[in-house]
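Step one of this worksheet: look at the structure below.
Each value in this text was obtained by applying a stated rule to the coordinates, not by laboratory testing. The shown structure was predicted, so the numbers you read here are calculated from the model rather than taken from an experiment. Here the Cβ positions follow ideal geometry from the backbone for every residue, glycine too, while neighbour counts run over all protein chains shown.
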Amino acid sequence: MIHFTDVYKRYPNNYEALSGLSFDLDEGEMAFLTGHSGAGKSTLLKLIALIERGSHGQVIVGNQNLSSLPKRKIPFYRRQIGIVFQDHNLLHDRTVFDNVALPLVIAGEGHREIGRRVRAALDKVGLLSKERNLPIALSGGEQQRVGIARAVVNRPPILLADEPTGNLDPELSREIMNLFEQFNQVGVTVFVATHDIALIQTLPYRQVILKQGRLDD
Amino acid sequence: MTNYLLRHLQVMLFSLGRLWRQPVASLMTITVIGIALVLPAGLFVLSENMSSLSNRWDSASQITLFLQKELTPQQAQQLSDELKEWSTIEQLHYQSAEQSLDEFRQLSGLGEVLDSLPSNPLPAIIIVEPSDEGAEKATIGKLVTQLNDLPQVEQAQLDMEWLQRFRSINKMVQRGISILAILLSLSVVLAIGNTIRLAILSRESEIRVMKLVGATDRFIRRPFLYTGFWYGFLGGLFAWVTLVLTMGLLSGPVSELAGHYGSDFSLHWFGGFLFLILPFTGAMLGISGAWLAVGRHLHLIEPS
Ligand SMILES: Nc1ncnc2c1ncn2[C@@H]1O[C@H](COP(=O)(O)OP(=O)(O)O)[C@@H](O)[C@H]1O
Ligand SMILES: [Mg+2]
């Protein structure tokens, strides 16, 4: 599903964040991306989401070679990827419902379909009763679950998460990971960057480990 | 297709709702735009009214022929008959030297002075009313020259030479209005552009998130363009209302003034015309301003 071949990423300030990276993630696989702070985890996820482009090498997602994807097609490409961020990236002047509905509104879904799918996603993360609230009225864990609902509401085949449990206590972190597992069980390819080693040691998934922009095996 | 239109309508109302939620700021922007639009519109109404006023005078314009002193009344009558045949002349009115003197005596009240004069100093005159053909701007000058060249005529005088001056002034005013309208339109575009720019900057993080979940530039652009549309449209309406109120205040005194001059002139409002043109023009300017801002700033905001 995701194929990296000899990928380099050099930022405009000449800092090389990723060096000669090659790895594959199968369709329907769940994996963790770990490594010290500054190892290049976020950079790697940004290459997959086309927030950044590689300087060298090949990134193929699905059947799409990302280096040949024109800029105007990026929005449509991104609709196939759900992204969860550490700081949620919610819109604070819109209700929980409207936040989760955003990807569907953008994709031009009909009114009814939006209502149905948003409620299904909110039900899945256990926040159906909070759909009329503003994000500010929710706890950190709840906000993260809204972020997850938004990431999965249009049923993308790939789900990326960048330190989704970074600000949460162990109990809440486990709940969040549990959600990701559930999505993986219905066939979604899940790739989660985290440095919460204690948590992922207890889980039976593959780990892609980065060390200063290189694969550490 | 209906789905597409429906979505546009939604965004349109959504943008209006956003303006509504910041009533003070929105009203200030709308007022600025309204004032910028009401100035050229008001001057346009003024100048149109001046034109129509000068056109009325046009038909009232007449030429006075001062006849040679030696001319006998019979010769004058003969001249009158000849002139009647001219296609450029509608009507003639002959007034003998004695009638001129009588009229002057009545008007001036200088009867005794006039009686003491050895002879009548006033000439006989013929007042010529040009036909529609003769009264046209291009032909009236020629007509005056022709009449001047007649041997029986001492002098032919167009009574309304100042009308020409009035017309040139009005033409100048109209050109000034055009220039002013262009400058103010530009300022409307820039004012709305700047307002939209600030709106874009204040929604920077929102735009990032929308791009992250797959929003196209077109989708992100749309509400800002509609915001520009609303500012311009409502500014145009504001201008219209202001203008109509002003005209309402002016029309009474103007008719009164016209009454003093024995005229039934009243202000022409162009209300319907401006009701169509002002909000429409405003909306066009608003969308242009929004385009300007969106084009410059939106693509700079990318997720990071
Ligand atoms: N936009 C950028 N410009 C320059 N350097 C960057 C940029 N983003 C990240 N880096 C650098 O690249 C390295 C990897 O960063 P990142 O991918 O965020 O690591 P991680 O997520 O593993 O902590 C860090 O040293 C960071 O300073
Ligand atoms: Mg990171």
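Between B:Arg165 and B:Ser205, how high is the FRET efficiency from 1/(1 + (r/R0)^6) when r is the Cβ-Cβ distance and R₀ = 45 Å? Nearest 0.05.
Computed FRET efficiency for B:Arg165 and B:Ser205: 0.10.
Return the Cα extents of chain A along principal axes one, two and three, sorted largest first, each rounded to a whole Å.
Result, largest extent first: 47, 41, 33 Å.
Show me the three semi-axes of the equivalent ellipsoid for region B:178-304, from the C-alpha gyration tensor (sqrt of 5 times each eigenvalue), largest first, rounded to whole Å.
Square roots of five times the eigenvalues give 44, 12, 10 Å.
Show that you can apply the helix-only estimate: for the protein assembly as shown, add -39,500 (n - 2.57) for every DSSP H stretch of four or more residues, divide by all residues, and state [θ] at 222 nm to the nearest 500. Please report the intermediate quantities before stating the final value.
Numbers: 18 runs with 298 residues, N = 521.
Counting only the DSSP helices, I get -19000 deg cm²/dmol.
Would you work out the relative contact order for chain B, in percent, from Cα pairs under 8 angstrom that are 6 or more residues apart?
Numbers: 373 pairs, mean separation 85.0, N = 304.
For chain B, the relative contact order is 28 percent.
In the protein assembly as shown, if every C-alpha pair distance is counted and binned at 20 Å from zero, what percent goes to each bin?
The percentages, shortest bin first, are 17, 31, 19, 14, 11, 7, 1.
Filter A:Lys46/A:Lys71; A:Lys41/B:Lys211; A:Lys71/B:Lys211; A:Lys73/B:Lys211; A:Lys41/A:Lys124 down to the pairs with a C-alpha to C-alpha distance above 19 Å, please.
In this structure, A:Lys41/B:Lys211; A:Lys41/A:Lys124 lie more than 19 Å apart at Cα.
At a Förster radius of 56 Å, what calculated FRET efficiency corresponds to the Cβ-Cβ distance of B:Leu190 and B:Leu110, to the nearest 0.05?
Step by step, r from the Cβ atoms, then E = 0.30.
Can you pull out the trypsin sites (Lys or Arg not before Pro) in region A:1-57 whose DSSP state is coil and whose Cβ has at most 16 other Cβ atoms within 10 Å?
A:Arg53
Towards the positive end of the charge dipole of region A:94-155, with charges on Cβ (+1 Lys, Arg; -1 Asp, Glu), say which of A:Pro103, A:Gln144, A:Ala120 has the farthest Cα.
A:Ala120
Can you give the Kirkwood hydrodynamic radius for chain B, in Å, rounded to one decimal and based on Cα pairs?
Details: mean 1/r = 0.0404 Å⁻¹.
Kirkwood hydrodynamic radius for chain B: 24.8 Å.
Placing +1 at every Lys and Arg Cβ and -1 at every Asp and Glu Cβ, with all other atoms neutral, what dipole size does chain A have around its Cα centre, in debye to the nearest 20?
Its charge dipole is roughly 840 debye.
Counting only other chains, what is the mean number of Cβ atoms within 10 angstrom of the Cβ of each residue in peptide B:213-224?
Neighbouring Cβ atoms belonging to other protein chains average 5 per residue here.
When DSSP beta bridges are limited to those with both residues in chain A, what percentage is antiparallel, rounded to the nearest 5?
45
Quick one: length gained pulling B:Phe14 to B:Lys137 fully straight, 0.36 nm per residue minus the C-alpha distance?
Separation in residues times 0.36 nm, less the Cα-Cα distance, equals 38.7 nm.
In what order do A:Leu215, B:Leu65, B:Leu245 fall by count of nearby beta-carbon atoms within 10 Å, going from fewest to most?
Ordered from fewest to most neighbouring Cβ atoms within 10 Å, A:Leu215, B:Leu65, B:Leu245 come out as B:Leu245, A:Leu215, B:Leu65.
Mark the label point 7 Å from the Cα of A:His111 along Cα→Cβ and return the residues of region A:119-134 whose backbone N is within less than 18 Å of it.
Taking a point 7 Å out along Cα→Cβ of A:His111, the residues of region A:119-134 whose backbone N falls under 18 Å are A:119.
Evaluate 2.2 N^0.38 Å with N set to the residue count of region B:62-159, then give the Cα radius of gyration divided by it.
1.16
Apply 1/(1 + (r/R0)^6) to the Cβ-Cβ distance of B:Asp264 and A:Leu134, taking R0 = 56 Å, and write down the FRET efficiency to the nearest 0.05.
Taking R0 as 56 Å, the efficiency between B:Asp264 and A:Leu134 is 0.30.
Where the only charges are on Cβ atoms (+1 Lys, Arg; -1 Asp, Glu), what is the dipole of region B:62-159 about its Cα centre, to the nearest 20 debye?
In total the dipole reaches around 200 debye.
Which whole-number percent of Cα pairs in region A:94-155 have a distance greater than 16 Å?
Working: 597 of 1891 pairs.
That tail contains 32 percent of the Cα-Cα pairs.
Considering Cα pairs under 8 angstrom that are at least six residues apart, work out the relative contact order of region A:3-60 and quote it in whole percent.
It rounds to 46 percent for region A:3-60.
If you project the alpha carbons of region A:119-158 onto the principal axes, what extent comes out on each, in Å, largest first?
Rounded to whole Å, the extents work out to 31, 17, 13 Å.
On a C-alpha basis, how far is the centre of region A:1-55 from the centre of region A:103-122 in Å? Whole number, if you could?
31
Determine the percent antiparallel among the DSSP beta bridges restricted to the protein assembly as shown, to the nearest 5.
Beta bridges within the protein assembly as shown, antiparallel portion: roughly 60 percent.
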